[in-house]
Structures are given as C-alpha cells and as structure tokens.
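First up is the structure itself, then whatever we jot down about it.
The values are calculated or read from the model by the stated rules, or taken from the named source; none is laboratory data. Computed from a predicted structure; not experimentally measured. Counting neighbours? That spans all protein chains shown, and the Cβs are built from the backbone with ideal geometry, glycine included. Accessible surface areas use protein heavy atoms only, side chains included; no ligands, DNA or RNA. Shrake-Rupley method; radii C 1.70, N 1.55, O 1.52, S 1.80 Å.
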Amino acid sequence: MKPPLLKLTNVNSYYGKIRALNNVNLEINEGEIVTLLGSNGAGKSTTLKTISGIIKPKSGEIEWNGQNLVNVPPHRIVESGIIHVPEGRRIFGGLTITENLELGAYTFRKNKKWIKEGIERAFDLFPRLKERSKQIAGTLSGGEQQMLAISRGLMGNPKLLMLDEPSMGLAPIIVQEIMHNIQEINKQGTTILLIEQNAKAALRLANRGYLIEIGNIIMHDSAEVLREDDRIIRAYLGA
Ligand SMILES: Nc1ncnc2c1ncn2[C@@H]1O[C@H](COP(=O)(O)OP(=O)(O)OP(=O)(O)O)[C@@H](O)[C@H]1O
Ligand SMILES: [Mg+2]
C-alpha cells in the first residue's frame, strides 16, 4: 500500500502554556475526503494551523509526501501543495471576485495562462461567481463569499485542500451546494481535509473521520461506522 499523503504522529501544539493538541495522530491518504469533527474549542482549527505551519508544534512529526513539515515556513508549505481555507473566509472585501482569485494564484504569479485557466475552472465549479465576477467581494452573500474562499484556495493548485467550517452560518440549501462542490473538487483529484460542525453533511461526503475532544483524537473510523456510532449520534447527529 502507498504511504499516507499526510501523517501526523504524536503532535503537541500549545498556545503559551495551554496545550491545544495532545499527541494527535492523523493520516490522510491520497484521494480521500477526511473529516475532523469535534465541539467548539476541541482543537480542530489548531490542527489545520499546525499542518499549515501557522503554529509550530512543540513536539511530534508531520510527514507530507515523505517530507518533514515541522519547521518548514508556511509559504513553503503552500508551495508544496497544502492549502488552508481558514474559518471565517477572510476574502479581500474591497476587491472584486476576479481580483481575489488572481491573488489566490500568487505562487504562480508569473504564469498568466495558468491563472486564466484557474479562474475558468473556478467559474465552472461555481457559476454564481462567474455572473458576479466584477462584483466587490464584500457585497457578496455569505454563501458566495464561501464559494470565493474555496475557489481562491484552488487557485494555489492544492494536492491537499483543508477547509475550516465551510458551511458556517449558511442556509441548508447553500450548505448542500457547497458540499456537492467539495465532492466535485475531490473527484477532480484533490484530497480534502474537512472540518465541520455539521457532522451529518460531513459524514455523508467523507471516506473517513476523526473525532477530537479537548485536544485528543478519541475516535477514528470509516464514515459508515461513525454514522452508526452511538456517541457520534448523541453528540453530533441529534437523537
Ligand atoms: N490564539 C489563541 N490563543 C490562546 N488560545 C487559543 C488560541 N486559539 C485557540 N485557542 C484555544 O485552543 C483550543 C482549541 O481551539 P481551536 O480554535 O482549535 O478549536 P476548534 O475546535 O476549531 O473550535 P471551534 O469549533 O469553536 O472553531 C481552545 O481552547 C481555544 O480557546
Ligand atoms: Mg475552529
């Protein structure tokens, strides 16, 4: 079997003296959608920040494509194919959709053709963005802003796309649309690590899932098994 694309081994991350990740072990294989579930404050975003190099783990190993990621600066991690779409979207509100997408391609900034094709791909995936390509991003709806944030991430040509709560605050119909598009992105060859409070939607999409509580991974299994698990059902899927 192929080794995992990404492998975290006993990763410990701290904010000052407070330990936010406690010996986290997590693997992602090429082509998978993996979801990371957990309540508020469990350490989900911290896990993504640690992978993308925003937080340096105090100990533990992160292997990516056979390369060690600990101590690699964040921009190098982006260039190596890991893109993190953070919580709360953080698009450039004063710029148009197209300008936001162009900025997402900064690792390829010399390749105009690649940028043009990337924008076309984003517009194929999210036709709503195409209709509004000259609209100032700050005036977009929440759902459209999320679509833009994901599309901007794709402009960096990720091998692994990490999405932090893409459905946050959105109406169910838009959540469905975004989940469908995440699946589409995966089918086109991008591996996905998805953080979701909407466990139902995430477990419908994912191959496998991890459950994190107070910095500890307490369970991991196939999505089918997690969907039937009493603990998950009680805490995350509703009775
Ligand atoms: N910048 C920070 N400084 C200090 N503590 C932090 C910081 N960011 C997060 N924490 C703490 O680390 C723990 C994990 O936070 P994290 O943001 O990873 O949780 P989360 O699972 O993403 O939660 P949520 O679902 O609310 O987004 C929490 O106890 C949080 O208060
Ligand atoms: Mg979070």
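For the chain, the Kirkwood hydrodynamic radius comes to 18.2 Å, computed from all pairs of different C-alpha atoms. For a straight C-alpha distance cut-off of 28 angstrom, the lysines reachable from Lys7 (same-chain residues fewer than eight places away being disregarded) are Lys17, Lys44, Lys49, Lys56, Lys58, Lys159, Lys187, Lys200. Averaging the sequence gap over all C-alpha pairs within less than 8 Å and six or more residues apart, then dividing by the number of residues, gives the chain a relative contact order of 26 percent. Here is how the number arises for the chain: DSSP H runs of 4 or more residues each give -39500 (n - 2.57), the sum is divided by the residue count, and the result at 222 nm is -10000 deg cm²/dmol. Our coupling estimate for segment 145-160, obtained by passing each phi through the Karplus curve with A = 6.51, B = -1.76, C = 1.60 and θ = phi - 60°, is 5, 5, 4, 5, 4, 5, 4, 5, x, 5, 4, x, 6, x, 8, 10 Hz, Gly and Pro reported as x.
Take segment 90-157 with all the other protein chains still there, run a 1.4 Å probe, and you get 53 Å² of accessible area per residue.
Extension gain, Glu131 to Arg19, is 35.8 nm, computed as 0.36 nm per intervening residue step minus the present C-alpha separation. In segment 90-157, Cα pairs under 8 Å separated by at least six residues give a relative contact order of 53 percent. Between Lys116 and Gln67, the FRET efficiency estimated from the beta carbon spacing at R0 = 30 angstrom works out to 0.45. Once neighbouring chains are kept in place and the probe is 1.4 Å, which whole percent of the accessible area of segment 1-147 is contributed by carbon and sulfur? Carbon and sulfur: 51 percent of the exposed surface of segment 1-147. Couplings 3J(HN,Hα) of segment 70-86, computed from phi: 5, 6, 7, x, x, 5, 5, 5, 4, 4, 7, x, 10, 10, 10, 9, x Hz, in residue order, whole Hz [Karplus 6.51 cos²θ - 1.76 cosθ + 1.60, θ = phi - 60°; x for Gly and Pro].
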